[in-house]
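Just below is one structure, and these are the notes that go with it.
Here, each number is a calculation from the coordinates, and none is a lab measurement. Model, not experiment: these values are computed from the prediction. Here the Cβ is made from the backbone with ideal geometry for all residues, glycine too, and neighbour counts use every protein chain on show.
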Amino acid sequence: MGGFKLGKMTLRSLISKPATVRYPYEKRELYPAMRGHLVNDIDACILCGMCAKVCPADALTVDRKAGDWTINPYKCVQCANCVRACPKSSLTMEREATTVASSMSTLTMHKDMPAKPARPAAGERPARKLTPEQEAKAAAIRAAKAAKAAKEQAASQQAEGGAE
Amino acid sequence: MSNRTVIPFGPQHPVLPEPVHLDLIVEDEHVIEAIPQIGFVHRGLEKLVEKRDFNQFVYVAERICGICSFGHGWGYAEATERMLGLEIPKRASYLRVILQELSRIHSHLLWLGLLADGFGFESLFNHCWRLRETILDIFQETCGGRIILSITMVGGMTHDIDDALLRRACEKLDDLEREYHTIVNTMLNDDSVRSRLCGVGTINYEEALSLSMVGPFAKGSGVTHDMRTTGFSAYGDLEHFEPIVSTEGDCYARCKVRCEEIYQAIAIIKELVAKIPHDGVGQAPGPKVKPEKDARAHVLIEQPRGEAFYYVRGNGTKFLDRFRLRTPTSQNLGGMTKALQGVDVADVPMIILTIDPCISCAER
């Protein structure tokens, strides 16, 4: 009972260091685990579009034909889902928060992807060489298919015989 | 018969952190009836489950509320894991419980600060929120975010928190506990605080049961209803757990329950950190994993404000058919209107604060 229970703490905070920092002059240390903004290493990126597929906020768009990887930083929620989905580890989360901008804009990164080689016509395609193991496997599959067909035929004949 | 007046309370009011509107029907200085009205922050997040696949929806579930954000992500992930039949490693369960208890401390400290601000004890408010920063720093160091942690995923945790960081978090909690003694002493023993809280807005045990109240609001009236006693996740591995209950049923009792729950949460965290196993934190389900048609599951977890219910139903694709969340605040609104009947107009802010309403949870 009684008043002034907080007196000691209040007096101590009068003489101790403030709990806040003087922000623009002093900045707090950033922890390594922090998620500030997303960075794409476009040289490693293969524009596969996995990041855009898993993004819960639809912040990413990937256009493979045009070679563009685009992020809308105003939609991004820094969940790092894309970082985990990236097969080439080209996406990383930087600790610093997105810098302040005076106008809303998206960030597009461009990469020229090599065009896919044209598929040769059926006659020009070289025949596939099979290794002995593969040939044996193919023969086994063929034999199994033939056996199954024969079995089915026998079964259907039997069923017809039964119906008669 | 004296004149009855209707006094509108909210949606913007100094004591309300979130918008809720109350029509107070007042006779002289006494409230006869309070009619709540919600619907100011409805965002349709339950419907969004049809547009985001079940892995992405964890991040949406986390954004249901800013204070119990981790709990919502966890509840959704746990329900989905049950629906898919996924087993998660023990370490992931332990980490989830540790983070949930940290959320409880930060939620209760925030609430204690709001309460102090509500009855005009400005310095107590500032000290509560200063201590809350310790928890937010722990979150930032271990998970990478301060409020939205984004560390839960269906199938486990996105990354491990190593033992050194967990031990450091425990050391920070030791420091917090030392300073917290002073705050609890002020909250529970100071004359000015007691005169404001004792005997205000009393709800007895029977009323609490019949209005199906949950969380510290019900525990203040002697109801021993706590989902942690069911032993789900890592709560079953605790040596001893008993919900904190007070029998008076007034604002002071609810304040006492929350004050002591912080000590309890600190003890749970220390116990779990001491015996956390090392069996990985799980991995996301592969791209082929889809919930079966009509597969359904539910989970009940104890949020800082009480029992929350999560229900999910699959439809054979990677999008879910239904996600349902019943929040503690929607359970407690009935109790709040009951507690408001017959009190002085000056006590209304105190009573609304002591149920700790989280309107954005209740409206989703």
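Computed values, structure above
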{"read-out": "Projected-area average for chain B over all orientations - Cα convex hull basis, square nanometres", "value": "17.9"}
{"read-out": "A:SER105-A:THR131 pseudo-label distance in nm [points 7 Å out on the Cα-to-Cβ vector]", "value": "5.4"}
{"read-out": "Label-to-label distance, nm, for residues given as A:THR10 and B:GLU50 (7 Å Cα→Cβ offset)", "value": "5.7"}
{"read-out": "Calculated on alpha-carbon atoms, Rg and Dmax of the protein assembly as shown in Å", "value": "29.2, 107"}
{"read-out": "Zone residues, the range A:70-107, relative to A:CYS48, backbone N less than 12 Å from point 7 Å out along Cα-to-Cβ", "value": "A:84-91"}
{"read-out": "Least to most buried among B:TRP74, A:TRP69 (fewest other Cβ within 10 Å first)", "value": "A:TRP69, B:TRP74"}
{"read-out": "Dipole of the protein assembly as shown, positive direction: furthest Cα of A:TYR25, B:LEU300, B:PRO11, with charges on the beta-carbon", "value": "A:TYR25"}
{"read-out": "Disulfide-incompatible cysteines by the Cβ rule (no partner under 4.7 Å) in chain B", "value": "B:CYS68, B:CYS128, B:CYS143, B:CYS170, B:CYS198, B:CYS251, B:CYS255, B:CYS259"}
{"read-out": "Karplus 3J(HN,Hα) series, Hz, for the range B:249-257 with 6.51 cos²θ - 1.76 cosθ + 1.60 (x for Gly, Pro)", "value": "x, 9, 4, 4, 5, 5, 5, 5, 4"}
{"read-out": "Exposure proxy ranking, count of Cβ atoms within 10 Å, fewest first, for B:ASP250, B:ASP160, B:ASP175", "value": "B:ASP175, B:ASP160, B:ASP250"}
{"read-out": "Residues in the range A:1-42 reached by a label modelled at B:LEU136 [backbone nitrogen below 20 Å; 7 Å Cα→Cβ]", "value": "A:17-37"}
{"read-out": "Estimated dipole of the protein assembly as shown in Debye, rounded to 20 [Cβ of Lys and Arg +1, of Asp and Glu -1, Cα centre]", "value": "2380"}
{"read-out": "Label-point separation, A:LYS151 to B:GLN341 (7 Å along Cα→Cβ), nm", "value": "7.6"}
{"read-out": "Estimated dipole of the range A:28-98 in Debye, rounded to 20 [Cβ of Lys and Arg +1, of Asp and Glu -1, Cα centre]", "value": "240"}
{"read-out": "Cα Rg over Rh - chain A, Kirkwood", "value": "1.39"}
{"read-out": "Mean separation of Cα contacts under 8 Å, 6 or more apart, over the residue count of chain A: relative contact order %", "value": "22"}
{"read-out": "Where trypsin sites (Lys or Arg not before Pro) fall in DSSP loop in the range A:36-109, at most 16 other Cβ within 10 Å", "value": "A:ARG64, A:LYS65, A:LYS75, A:LYS88, A:ARG95"}
{"read-out": "Magnitude of the charge dipole, the range B:42-363, Cβ model with Lys/Arg +1 and Asp/Glu -1, debye to 20", "value": "1200"}
{"read-out": "Among B:328-337, A:14-23, B:11-20, the order from most to least packed when residues are scored by Cβ within 10 Å on average", "value": "B:328-337, B:11-20, A:14-23"}
{"read-out": "Computed helical MRE - 222 nm, chain B, DSSP H runs ≥ 4 contributing -39500 (n - 2.57), nearest 500", "value": "-14500 deg cm²/dmol"}
{"read-out": "Selection from B:PRO291, B:HIS225, B:PHE125 lying farthest towards where the dipole of chain B points positive, charges on Cβ", "value": "B:PRO291"}
{"read-out": "Cysteines in chain A lacking a second Cys C-beta under 4.7 Å", "value": "A:CYS45, A:CYS48, A:CYS55, A:CYS76, A:CYS79, A:CYS86"}
{"read-out": "Positive-end extreme of charge dipole, the protein assembly as shown - chosen from A:PRO73, A:CYS51, B:PHE309 (charges on Cβ)", "value": "A:CYS51"}
